[in-house]
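Chemist: Questions regarding the structure given below will be posed in turn.
The values are calculated or read from the model by the stated rules, or taken from the named source; none is laboratory data. Just so it is clear, the model here is predicted, and its values are computed rather than measured. Note that we place each Cβ from the backbone using ideal geometry, even for glycine, and neighbour counts take in every protein chain shown. Please note that ligands, DNA and RNA were not included when accessible areas were found on the heavy atoms of the full protein model with its side chains. Shrake-Rupley method; radii C 1.70, N 1.55, O 1.52, S 1.80 Å.
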Amino acid sequence: MVDMLKNDSQSHAGRRQFLRQVSRTGMAVSGAALSRTVLAGTSSQQALASPTTQEGWMKAPWQAAQAIVDRFQNKLMFRDEDFLITQFGAKTCALRQVLAWKSFEEQGELASPVADADDCYQAIAAAIQACHQAGGGRVVVPKGNWYCAGPIVLLSNVHVHLQAGAHIYFSHQPADYAKYGNVDCGERGRLVISRWQSNDCLNYSPMVYAFGQTNIALTGEDWTSVLDGQGGVAFNDDGDCWWTWKGKQRTINSIGQGTIPNAKAGKMSENAVNSLNARALSELIPISESQAKLIQGEGERWRADAAYLPALSEAGIPLPKRVFGQGHFLRPPLIQLIGCDKVLLRGYQAKDSPFWVHHPVNCRDLKLEKVLANSHGPNSDGFDPEACEYVLVESCTFDSGDDCIAIKAGKNRDTQYGPSQHIVIQNCTMQSGHGAITLGSEMAGGIQHIYAQNLLFENKNWATNPLNIAIRLKTNMNRGGFLRHFYVRNVTIPNGVQLSPSYYAFLPNSPFAAKTVASAAGAVVVFDCDYAPVADNVRIRPPEVRNIHLSNVKVGNVSAKSGSYSCYQAIVILGPVASDYNGAKPMPAVLPVSNVQIENCDFGQTVNQTQAMFLYNVKGLQLKNVRINGKVLDQTIDS
């Protein structure tokens, strides 16, 4: 396998051609080779009509946002030829009712294909290949129930379309996603180049996958066009499902998410030490004793898959040695697109994902429109664009077991794709979730020029599974990165957010006592630069957070036993914590969160009346016509 994965250079004529070659041959890719290039020689700043300077972005942010929206006026074009999957042998399947997990804590009956259902994987793959070879067109999935025991791999100039009533049930057997990848990893399976929580790896294929493709579309006619990951359906006699692999729940005082489906002490998961992983980094690469000790930390916790992969990144271990797949417990996303340009995702329901629902990486000119992301399992983020640029999210609904939208940009040393930037989110509805609009936590490559407007954070499940936080930033001394030029306006939150506080554990030398900073849930706006610090051994990258503007956020109250409230606290801004740093001296500058403007907002009534805001390491927080607990605030605060 290692011989197949030779790092390549930029000798190919262009990035897209190179990525397609990688996809065909299974070669490894270096960070430089996969770094983003611009279309037709146009710089990213020139691609926007105006403004084109950093100063201009600050002076006219919504003009810049409109320029991004206008960029998507030109629709993708495909050849006018349909390829029905039935013409390639696909047959519908019968269904049965099975007891499955519907969320973290709820079990119930769900429809699932019968045990001997016809598998349409080969038929769909053949239809896509024929369409691609013909120069493009539309691959049609007719109305009906379809069982697919393998990934749908999208190719350039192909539009995959689900008719109304077309329901694809992806196999819930992990082994089916280690059969068809283009990298033969022996007993680990045939895997694909992937990313898991923003670190590069070879892993199970996502259910829908594309690598280095151009001009692709995945659409449905309405929300009866369903892509079903069956994340809560058991795959063995013990009742384990994809979601079981999450393992231990870490958040203190989580609500509606207090357990993991079928997880038990001693059961293997992403958080359990995996004997397949190296016992020391020195087995994999020459490394100094001090550096290995910093990365590995105390004990063997770093050998659990979820910690092992970022440790490999931190140590500079190349992709050929980052092999997961069978015997490991890193769940794939439902939909993952890597290095793709000109992408349309529209008009379907994505349901019960094993992990993140949508995860585009290093993509450009991508539109997500009229999609329902409906998944209440662990890490069921609805949409996670990572190191992408020129993205429009419009008229979508997110009902999530984790963040509804979470913008990412690499983790540890996997920052070769650069920042996420030039993203507009508008006219969307968010329901349950950890954060409605979230930036991070994986943001080592930086996030900038993000615009969110005209949003409804409905929080319809507020009594049983509430929206934790409305507007959220997550980073820490490990994830680092920057957030700058983030603009939000016209947000309605009629049912508030979680009314009780949730917490993360702090490091022993933290300036905060345990359970005193409600940064995990309970506030409307949270900028958390000390996110889950005990999870990361290496803490050497202070983040930078500045130039943020929030306006016209209206938060309603709900009736609880003790009164009518909208949140536990209105605002939590926890700036970088210098005492977390554990790298070489001198320590780099630890900057406060700066130039945050919040204006014309009403945060309703807070449960915590004595401390409606928590602020730490903040400079220049400007409140203009901000109402909290009926009191209007007009002031500038340093803390």
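Chemist: Could you sort 168-177, 266-275, 554-563, 485-494 so that the peptide with the highest average Cβ count within 10 Å comes first and the rest follow in order?
Modeler: Result, highest mean Cβ count within 10 Å first: 168-177, 485-494, 266-275, 554-563.
Chemist: Further question: Please list the non-local residues whose amide H lies under 5 Å from the amide H of GLU458, H modeled 1.01 Å from N, same-chain partners needing a gap of 5 or more.
Modeler: MET430
Chemist: Mind listing the phi-derived Karplus ³J(HN,Hα) values for segment 113-125, rounded to whole Hz, using 6.51, -1.76 and 1.60 with θ = phi - 60°, and x for any glycine or proline?
Modeler: x, 5, 4, 9, 4, 5, 9, 9, 3, 4, 5, 5, 4
Chemist: Follow-up. What shape does segment 294-338 take by its C-alpha gyration tensor, where a ≥ b ≥ c are the square roots of the eigenvalues and a/c under 1.5 counts as rounded, a/b above b/c as prolate, and the rest as oblate?
Modeler: It comes out prolate by the Cα gyration axes.
Chemist: Quick one: divide the alpha-carbon radius of gyration of the chain by 2.2 N^0.38 Å and tell me what you get.
Modeler: 0.91
Chemist: Please work out whether segment 269-394 counts as rounded, prolate or oblate from its C-alpha gyration tensor, where a ≥ b ≥ c are the square roots of the eigenvalues and a/c under 1.5 means rounded, while otherwise a/b larger than b/c means prolate and anything else oblate?
Modeler: Judged from the Cα gyration tensor, segment 269-394 comes out prolate (a/c at least 1.5, a/b above b/c).
Chemist: Translational D (Stokes-Einstein, µm²/s) of segment 178-240 at 20 °C and 1.002 mPa s when Rh comes from the Kirkwood sum over C-alpha pairs?
Modeler: Using the Kirkwood radius from Cα pairs, D works out to 149 µm²/s.
Chemist: For segment 423-500, which semi-axes, largest first and in whole Å, follow from the square roots of 5 times the eigenvalues of its Cα gyration tensor?
Modeler: So the equivalent ellipsoid measures 24, 16, 8 Å along its semi-axes.
Chemist: Same structure, new question: Residues of the chain: accessible area per residue at 1.4 Å, in Å²?
Modeler: It amounts to 35 Å² per residue over the chain.
Chemist: Related question: Ranked from the most accessible area to the least, with a 1.4 Å probe and all protein chains present, what is the order of PHE72, PHE383?
Modeler: PHE72, PHE383
Chemist: So, by mean Cβ neighbours within 10 angstrom, what's the order for 582-592, 367-377 with the highest one leading?
Modeler: 367-377, 582-592
Chemist: Taking the alpha-carbon set of segment 100-172, what are its Rg and Dmax in Å?
Modeler: In Å, with Rg to one decimal and Dmax whole: 14.6, 48.
Chemist: Now for a different question. How big is the convex hull of the Cα atoms of segment 444-602, per residue, in Å³?
Modeler: Hull volume normalised by residue count: 111 Å³.
Chemist: State, to one decimal in nm², a quarter of the convex hull surface area for the C-alpha atoms of segment 241-289, i.e. the direction-averaged projected area.
Modeler: That works out to 5.3 nm², a quarter of the Cα hull's surface.
Chemist: Using the alpha-carbon centroid of each, what span in Å lies between segment 177-208 and segment 502-567?
Modeler: A separation of 34 Å, based on Cα centres.
Chemist: Summarise the accessible area of the chain (1.4 Å probe, protein heavy atoms) by the percent that is carbon and sulfur.
Modeler: So the carbon and sulfur contribution to the accessible surface is 48 percent.
Chemist: Using Stokes-Einstein with the Kirkwood hydrodynamic radius over Cα pairs, what translational diffusion coefficient do you get for segment 122-244 at 10 °C and a viscosity of 1.306 mPa s, in µm²/s rounded to a whole number?
Modeler: Diffusion coefficient, whole number: 103 µm²/s.
Chemist: With just the Cα atoms of segment 356-414, tell me how far they stretch along each of the three principal axes, in Å, largest first.
Modeler: 30, 25, 10
Chemist: Compute the distance in nm between two label points, each set 7 Å from the Cα along the Cα-to-Cβ direction, one at GLU221 and one at GLU109.
Modeler: Modelled inter-label distance: 2.8 nm.
Chemist: Quote the convex hull volume per residue of segment 169-325, based on C-alpha atoms, as a whole number of Å³.
Modeler: Roughly 163 Å³ of hull volume per residue.
Chemist: Highest first, please rank the peptides 193-205, 450-462 by the mean number of other Cβ atoms sitting within 10 Å of their residues.
Modeler: Descending mean neighbour count gives 193-205, 450-462.
Chemist: What is the Cα radius of gyration of segment 515-634 over 2.2 N^0.38 Å, N being its residue count?
Modeler: 1.18
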